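The values are calculated or read from the model by the stated rules, or taken from the named source; none is laboratory data. Just so it is clear, the structure is predicted and the values come from calculations on it, not from any experiment. All Cβ positions, even for glycine, are placed from backbone atoms using ideal geometry, and neighbour counts span all protein chains on display. For accessibility, only protein heavy atoms count, side chains too; no ligands or nucleic acids. Shrake-Rupley method; radii C 1.70, N 1.55, O 1.52, S 1.80 Å.
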Amino acid sequence: SYVMDSAARTVQRAYFAWKKKPMKKDSLLVRSSGWRNPLTRSQSAAASLTAFMVDYQLKLSKIHVRQQREVERRLQELREAKSKILKARKQQAEAHPIAALSTQWPTTNCWCGKPMSEEHVKEVWGDEAQPDNLQLYNQARRQILKKKRYSQAIDIDADSEKIYKQLGGTYSFPDPNYDTFIRGLHQRTIRLWREFKKMKTEEAVTEMLLRLRWDDRITGAREKLSTIIEYLWNTLNGSREQPHISSSIAPLAGL
């Protein structure tokens, strides 16, 4: 009872103190209204919260717009950079057409005059294709090493590619839009020609397609690589034709 009386007196003192407090003309509280209804404060708080949420959502939308613009700007920069790289790769492919073979191959220099280094190869043709199933590729390699003795590593590689494909293996270029390097294209063609000089061109093309690393899933790659191999084989057989064939089997916008 005493506690309740004390609480009542505290409330009353607070009320009279509020009652005596001078009020501003524009105040929401009107002296004649008596004790302020607590609901008024709740409604005011709700209104303030609503206004805050509206302002917050507006700020979020502005942040989202800025972020979206930044993403679009960066994507545009990537597209422009990719376009420049593709243009440069196309120019390199055109500047490095397939050269006629001779039995004196390989040479230490590219036909453009620069040393045939790994750096130059990567600049012009990019990276070579890699086995999609390394375990199956190693199985194919062990299989050919058990059956035959080899004098050169290039023959081991050629037969490994062939057996791997016959086992159902496939290759993929790191980036099929840019990478188009086929290691051993000229040397393996010459070595096949030396072993089977009387082989028909169609048979040689079929055999070489098995002995090289490339991705058969790239649209137009089989036709382009077949054309290159056919040309190389014919030059070894004495053909003097010199068509301009770019050295890329990747799409490169139709090269």
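A few points about this structure:
- Residue in segment 219-241 that is modelled with pLDDT under 95, open to solvent by less than 70 Å² (accessible area, probe 1.4 Å), of a type in the set (Asp, Glu) and not in a helix (DSSP H, G or I) present: no
- Residue check, PRO174 in contact (Cβ under 8 Å) with a residue 24 or more places away in the chain, closer than 29 Å to LYS90 by Cβ, open to solvent by 30 Å² or more (accessible area, probe 1.4 Å) and not in a helix (DSSP H, G or I): yes
- Pairs, first in contact (Cβ under 8 Å) with a residue 40 or more places away in the chain in segment 111-140, second assigned to a helix (DSSP H, G or I) and not polar (S, T, N, Q), C-beta under 6 Å, six or more apart: PRO131/TYR137
- Of all residues in segment 134-171, those satisfying the criterion of being open to solvent by 70 Å² or more (accessible area, probe 1.4 Å) and not basic (Lys, Arg) are LEU134, GLN135, GLN139, LEU145, SER151, GLN152, GLN166, LEU167.
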